[in-house]
1. For the range 11-52, how many residues are charged (D, E, K, R), farther than 14 Å from L74 by Cα and either touching a strand residue (DSSP E or B) at 6+ places or on another chain (Cβ under 9 Å) or in a strand (DSSP E or B) (or both)?
2. So how many residues does the range 70-87 have that are closer than 17 Å to S20 by Cβ and either within 12 Å of the chain's Cα centre (by Cα) or of a type in the set (A, V, I, L, M, F, W, C) (or both)?
Amino acid sequence: MNRREFFFFTSERKNAAELSCETLYMRYLDSTLDGTAAEFFQKVEQSLATVRTLHLTDAAWLKCEELKPMNSILAAFRDRGGRVESK
């Protein structure tokens, strides 16, 4: 398994997931090393398609310039009726 693929933790309810934004940032940095940053963000967006609630930890990391694409991903998630909660 590619270590970038394992950063979402789904809860016992299959419609919820938890995401550490610090881990997201680190995985993003990994993707820049092999030139797959665009694919990385696509994978994040695809992973959100199966959940209704997203619990974010360390949400301050989303303010990093490198993670700006997450703004549109999270906006689209909310537009589909998803709920984002920060811890």
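Read-outs throughout are calculated quantities, based only on the coordinates presented, and are distinct from any laboratory measurement. Predicted model, so just to flag it, every value in this text is computed and none were measured. Note that we place each Cβ from the backbone using ideal geometry, even for glycine, and neighbour counts take in every protein chain shown.
1. From the range 11-52, those charged (D, E, K, R) are 12-14, 18, 22, 27, 30, 34, 39, 43, 45, 52; that's our starting set.
Among the residues that remain, those that are also farther than 14 Å from L74 by Cα are: 12-14, 22, 27, 30, 34, 39.
Still in the running and either touching a strand residue (DSSP E or B) at 6+ places or on another chain (Cβ under 9 Å) or in a strand (DSSP E or B) (or both): 13, 22.
Number of matching residues: 2.
2. Step one: of the range 70-87, the residues closer than 17 Å to S20 by Cβ are 70, 73-74, 77, 84-87.
Next cut, either within 12 Å of the chain's Cα centre (by Cα) or of a type in the set (A, V, I, L, M, F, W, C) (or both) only: 70, 73-74, 77, 84.
Number of matching residues: 5.
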